[in-house]
Amino acid sequence: MRKVIGIGETILDIIFRNEQPSAANPGGSVFNSCISLARLGIPVTFISEVGDDHVGHSMLRFMQKNGINTDYIEVYQDFKSPISLAFLNSQSDAEYSFYKTYPEKRLDIDLPKVEKDDIVMLGSYYSVTPALREKHVELLEAARKVGAMVFYDPNFRKPHKAEAWKLSSFILENMEYATIVRGSKEDFQVLYDIEGADKVYKDKVSFYCPNFIYTRGGDEISLRTPLVQKEYPVDQLNPVSTVGAGDNFSAGIIYGFIKEGISAEDVPHINEQIWDRIISYGCSMAKEVCLSYDNYISREFAKNYSL
């Protein structure tokens, strides 16, 4: 079976509502996607880093319990694992505070072998962190060499807005390596102060990557490819927490590619009917995550899907 290779941060998310902690979950943007994909029965290898502490070892055990290959996670001596505080507002959207310390030299590890049918997943601030850039490029070059699919989610948030200008070359380079880009309205507002699927696609994405999905939280989803340009409605609901919703939308898209047997070279040629199914997987998984404090789909929910 095809495997997913994710590279991203591993962080403990502590979720607050009304100033009181409501849940604590292992998290991280790509991490959340990978947990859901592993629960769907897809082989997943995760590249990341944790501290040699209680939090770090707990997160490693959680990944292993969910079937993720943790052979490429570096454990740092004398450093604490990162933590984020997510404060939910009345719409259950989160405002984050991050607490992280890392050694100067990071991810000093060999990378897993990338094969043609693999899907490499990257995103968030982690994918443009200067100290990690060399490893990301090494992985992306390996994917390009064999023709593997690359899924990129910028997931660039307000706490890093001041750095957007100096990191923009890395963001554009990631899009150039990508087979498909999945970005949110917030991402492009923070990065470029622009919004709207057509404007973002024309001005910032299409030159680098022709395949693009634009999300707007609980509002409609826009798909732009050389073959299909379409809007998709989103079910309205009262979410418990939106933490992980976008990550699980991405997991659903990747699941759809695997379910439908879509390779990297196939993506620009997917017809509307197949895209309808792929987008529906993303919407379904995002909705499921919004109905609990978990950052990933439940094992019970995953049983409804098969490959």
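A short reminder: the numbers here are calculations on the coordinates, not readings from a lab. These numbers were taken from a predicted model, which means no experiment stands behind them. When we count neighbours, we look across all protein chains shown, and the Cβ atoms used for this are built from the backbone with ideal geometry, even at glycine.
Odds and ends about this structure:
- Total charge dipole magnitude, the stretch 4-302, about the Cα centre, Cβ charges on Lys, Arg, Asp, Glu only, Debye to nearest 20: 100 debye
- Relative to the current alpha-carbon distance between E220 and E176, full extension at 0.36 nm per residue lengthens the span by 13.3 nm.
- With the charge dipole of the chain set up from +1 on Lys and Arg Cβ and -1 on Asp and Glu Cβ about the Cα centre, the Cα lying farthest toward the positive end among the listed residues T215, S22, P43 is that of P43.
- The residues K3, K303, when put in order of fewest to most other Cβ atoms within 10 Å, stand as K303, K3.
- The chain - percent relative contact order, Cα under 8 Å, separation 6 or more: 17 percent
- Packing-based ranking, highest mean first, of 253-259, 157-163 given that Cβ atoms within 10 Å are counted: 253-259, 157-163
- For the listed peptides 61-67, 278-284, 175-181, a ranking on the average number of other beta carbons within 10 Å per residue, highest first, reads 175-181, 278-284, 61-67.
- Considering only the stretch 4-302, percent of DSSP beta bridges that pair antiparallel, nearest 5: 40 percent
- Candidates F156, F46, F87, ranked by Gaussian network fluctuation over the chain, Cα under 10 Å, top entry: F87
- Legend: helices of the chain (whole DSSP H runs) are marked when their alpha-carbon atoms reach 18 angstrom or more along the helix axis and their mean Kyte-Doolittle hydropathy is at least -1.0; marked are 133-146, 164-177, 245-259, 272-290.
- Shape index of the stretch 47-124: Rg/Rh, with Rg the Cα radius of gyration and Rh the Kirkwood radius from the inverse mean 1/r over Cα pairs, equals 1.03.
- For the stretch 221-286, the convex hull drawn through the C-alpha positions has a volume of 78 cubic angstrom per residue.
- Around I73: net Lys/Arg minus Asp/Glu count, Cβ-Cβ under 13 Å: -4
- Base-10 log of normalised Debye intensity for the stretch 81-226 (one unit scatterer per alpha-carbon) at q = 0.09, 0.10, 0.18, 0.19 Å⁻¹: -0.31, -0.38, -1.17, -1.26
- Projecting the Cα atoms of Y102, Y201, N155 onto the charge dipole of the stretch 71-204 (Cβ charges, centred on the Cα centre) puts Y201 farthest toward the positive pole.
- Computed helical MRE - 222 nm, the chain, DSSP H runs ≥ 4 contributing -39500 (n - 2.57), nearest 500: -10000 deg cm²/dmol
- Annotation: extensible slack from K158 through E104 equals 17.0 nm (criterion: 0.36 nm per residue apart, minus Cα-Cα distance).
- The Rg/Rh ratio of the stretch 170-307, with both radii computed over alpha carbons and Rh defined as the Kirkwood radius, is 0.96.
- The alpha carbon convex hull volume per residue for the chain rounds to 123 Å³.
- Modelled label positions at H269 and N18, each set 7 Å beyond Cα in the direction of Cβ, lie 5.6 nm from each other.
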